[in-house]
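Participant: One structure, pasted below without further comment.
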Number of protein chains: 2
Amino acid sequence: METITIRNAESESADNALASIENINQALTDTLSDSRGIIGEICRNLLKAGGKRIRPLLTIHSGLIFGGPTRDLLDAALAMELVHMASLIHDDIIDESSLRRNQPSVNRLWGNQAAVLGGDYLFAKAFSVLAEKNLIFNLNLTVQAIQAMCEGEINQAAEKFKLDLTKEEYVERIVQKTAVLLQCSCKSGAFIGAATQTQIEQIGGYGLNLGIAFQIVDDILDFLGDSAVMGKPKHEDLTQGNLTLPAFLLLEHPQHGPWFKDLIGRKRFSMEELAQVDKILAGTGMIQKSFAIANSYIEKAKQCLAGLPDNSERATLMEMADKLKKRTC
Amino acid sequence: METITIRNAESESADNALASIENINQALTDTLSDSRGIIGEICRNLLKAGGKRIRPLLTIHSGLIFGGPTRDLLDAALAMELVHMASLIHDDIIDESSLRRNQPSVNRLWGNQAAVLGGDYLFAKAFSVLAEKNLIFNLNLTVQAIQAMCEGEINQAAEKFKLDLTKEEYVERIVQKTAVLLQCSCKSGAFIGAATQTQIEQIGGYGLNLGIAFQIVDDILDFLGDSAVMGKPKHEDLTQGNLTLPAFLLLEHPQHGPWFKDLIGRKRFSMEELAQVDKILAGTGMIQKSFAIANSYIEKAKQCLAGLPDNSERATLMEMADKLKKRTC
């Protein structure tokens, strides 16, 4: 493990360098530089589309709470982003989406075949990065996260337009779909930073709750955002039958619930009906209630950090949670 | 590593037990028993469809040439079959095939989404089996094999109906698509059997050449077999624009080459034209020539085994090569 051991002003700047989006992007570009042909084109296209790199940032900050900036930590972080990129490509096939981060999706540009294989290639790349460094703990966590993601996505598809799904089942689904990989990202970093088992579980709890909040906010924005900001069409979840938190709250509403239930049962939505849904959600305070539920998970996430070393890296994770909170106000 | 160390009559029977298809099928069933919901259904469906389990058999026999029957060896073998199963599911999406081993394919039964996620799940399962046992060497090899398979498949798609492809490029493509995983299967087993680096390379050469021969034979059978035996429609490769060895030989033929070139250029084939292709291939001896080329790879494969310990396991690998040879006569 190549460790920069001097923990002083210089090491603080090394920490900052490791955790910068530019550094992560450069390392991703380097890691994918040996991909050739169409797979190479897909990789370059994905890198160009950018992204917030939340998962690798979580890994790096989680590691730096406990240990120094190492190449292993960066590699563990890259693996998380590669898994995320792979799952995005495969999700696009599933959803028959044509837009992703405001860019035409991989399956739109190169077809289903390239999308399937490009995703497989990136999954394999993630494992290769971890296996080359003998990061078995991280590998096992990553495998479990991918399996959970597959189960979450497939359950979501099986439960389309399903009216008797509970809010608890919805949360379980987004845990699998989204939160487990954020949990894995945090635990992976903490492990490399040589955190204790208890600390790894604690920071995993942070990632898990942050992930739930993150997905709830994303789901709310499907009702609020415009497609230019979101990078995908508005009401996509609802019209595809993926019921999310605002929809569950609306279904429970004594006055509007039966109308909404009937609407979902028909599986087709006019522009007027969708506008009516938006109006009711805003008017009855259900959007605010959904944000409040997201907020409660953000608070849980922050509480998980309470027992961990009180340093600037922990503060950064607190800030990442607060930043998400700002989107909920 | 749980090793059965007594090498006598009893251990010979232990070896046989490990390398039986029944044992492999049972171990696959056990490994996949924790898969739930639709993914569980997909897994059970795939297991029921059966298969020759060539890859895990190669791993086990390659291991037993050098060492004893261990659980690690069985796990390494299972990982190879899981990768193969995953790639079959993803190939079906790519080819829009509806039949696989005479069974409706996963994408036909459950849709593209389930096929993508089911494949991802099985890839992850393969890695989890290897990572849990700390089989890093095998993991690295497997990752490389998957990346080669992705590149091979994607190159094949990019080169559909491409008339200026050379026979050498065709061989390079089937190396990536098929042979690298057979090479990986052999090397994985030999590594667990504690073979030397040179021995691992030698047995890898056996797997590689066997894999090339295997794919050439498979490609020839696309022109010969009936769909009931093959588990897929006849002439599927040709009509989809995947030019294989008999097609390359036909393109080179002074008399029939120009006609065939023109036919491929049109990308559409009547039943009469396909029957004409079959007739020419048989009449000009090109099927026999293709089989002879496959045979030359089988011989190369057997030569790779020459320097390895002369025991019953090596004899079994020789027999596996000879068995393929019987299909080429």
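Participant: Identify, please: which residue in the range B:150-165 is in contact with an Asp or Glu (Cβ under 8 Å, 6 or more places away or on another chain) and part of a helix (DSSP H, G or I) and is, among those, surrounded by the most Cβ atoms within 10 Å (Cβ to Cβ)?
Facilitator: The selected residue is B:Cys150.
Participant: Also, I was wondering about something else. Only one of B:Arg55, B:Arg108 is assigned to a helix (DSSP H, G or I) and at pLDDT 90 or above; which?
Facilitator: Just a single option satisfies the conditions, and that option is B:Arg55.
Let's see how each residue does on (1) farther than 29 Å from B:Ala190 by Cβ; (2) surrounded by 14 or more Cβ atoms within 10 Å (Cβ to Cβ); (3) of a type in the set (Gly, Ala, Ser):
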site: B:Ala19; (1), (2), (3): no, yes, yes
site: B:Arg36; (1), (2), (3): yes, no, no
site: B:Asn45; (1), (2), (3): yes, yes, no
site: B:Lys48; (1), (2), (3): yes, no, no
site: B:Ser62; (1), (2), (3): no, yes, yes
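Participant: May I pose another question? Residue by residue through the range A:1-52, note down the ones that are of a type in the set (S, T, N, Q), modelled with pLDDT of 90 or more and assigned to a loop (DSSP other than H, G, I, E, B).
Facilitator: A:Ser20, A:Ser33
Participant: Now a separate question. Is it the case that the range A:68-78 has a residue that's in contact with an Asp or Glu (Cβ under 9 Å, 6 or more places away or on another chain), crowded, with 21+ Cβ neighbours inside 10 Å, more than 7 Å from every other protein chain (Cβ to nearest Cβ) and basic (Lys, Arg)?
Facilitator: No: zero hits.
Participant: Being over 20 Å from A:Asn311 (Cα atoms), within 13 Å of chain B (Cβ to nearest Cβ), in contact (Cβ under 8 Å) with a residue 40 or more places away in the chain and over 17 Å from the mean Cα position of the chain (by Cα) is true for just one of A:Ile38, A:Ile89, A:Ile93. Which residue is that?
Facilitator: A:Ile38
Participant: Considering each residue of the range A:146-161, count those that are within 9 Å of chain B (Cβ to nearest Cβ) and over 17 Å from B:Ala115 (Cα atoms), and give that number.
Facilitator: Qualifying residue count for the region: 0.
Participant: Okay, next question. If you take the residues of the range B:110-123 that are buried (at least 24 other Cβ atoms within 10 Å of the Cβ) and at the interface with chain A (Cβ under 7 Å from one of its Cβ atoms), which of them is farthest from A:Cys150 (Cα to Cα)?
Facilitator: At the first step, the residues of the range B:110-123 found to be buried (at least 24 other Cβ atoms within 10 Å of the Cβ) are B:114-123.
Going one step further and asking which of them are at the interface with chain A (Cβ under 7 Å from one of its Cβ atoms), we end up with B:114, B:116-117, B:120-121, B:123.
Working: B:Ala114: 9, B:Val116: 9, B:Leu117: 5, B:Asp120: 7, B:Tyr121: 6, B:Phe123: 11 Å.
Looking at residues that are buried (at least 24 other Cβ atoms within 10 Å of the Cβ) and at the interface with chain A (Cβ under 7 Å from one of its Cβ atoms), I get B:Phe123.
Participant: Let me spell it out: the conditions are (1) more than 30 Å from B:Gln199 (Cα to Cα); (2) at pLDDT 95 or above; (3) not in a loop (DSSP other than H, G, I, E, B), and B:Glu299 meets all of them except one. Which number is the exception?
Facilitator: Among (1) more than 30 Å from B:Gln199 (Cα to Cα); (2) at pLDDT 95 or above; (3) not in a loop (DSSP other than H, G, I, E, B), B:Glu299 violates only (1).
Participant: When you go through (1) facing chain B (nearest Cβ under 10 Å); (2) not in a helix (DSSP H, G or I) one by one for A:Thr142, which number turns out not to apply?
Facilitator: In the conditions (1) facing chain B (nearest Cβ under 10 Å); (2) not in a helix (DSSP H, G or I), A:Thr142 misses (2) alone.
Listed here are the residues, each with its yes/no results for (1) in a helix (DSSP H, G or I); (2) modelled with pLDDT under 95; (3) among the β-branched types (Val, Ile, Thr).
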| position | (1), (2), (3) |
| --- | --- |
| B:Gln183 | yes, no, no |
| B:Lys187 | yes, no, no |
| B:Thr198 | yes, no, yes |
| B:Gly204 | yes, no, no |
| B:Asp237 | yes, yes, no |
| B:Arg268 | no, yes, no |
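Participant: What's the number of the condition B:Asn134 fails, among (1) at pLDDT 90 or above; (2) within 10 Å of chain A (Cβ to nearest Cβ); (3) buried (at least 23 other Cβ atoms within 10 Å of the Cβ)?
Facilitator: (3)
The values are calculated or read from the model by the stated rules, or taken from the named source; none is laboratory data. Everything quoted here is computed from the prediction, not taken from an experiment. Glycine also receives a Cβ, built like all others from the backbone with ideal geometry; neighbour counts cover every protein chain displayed.
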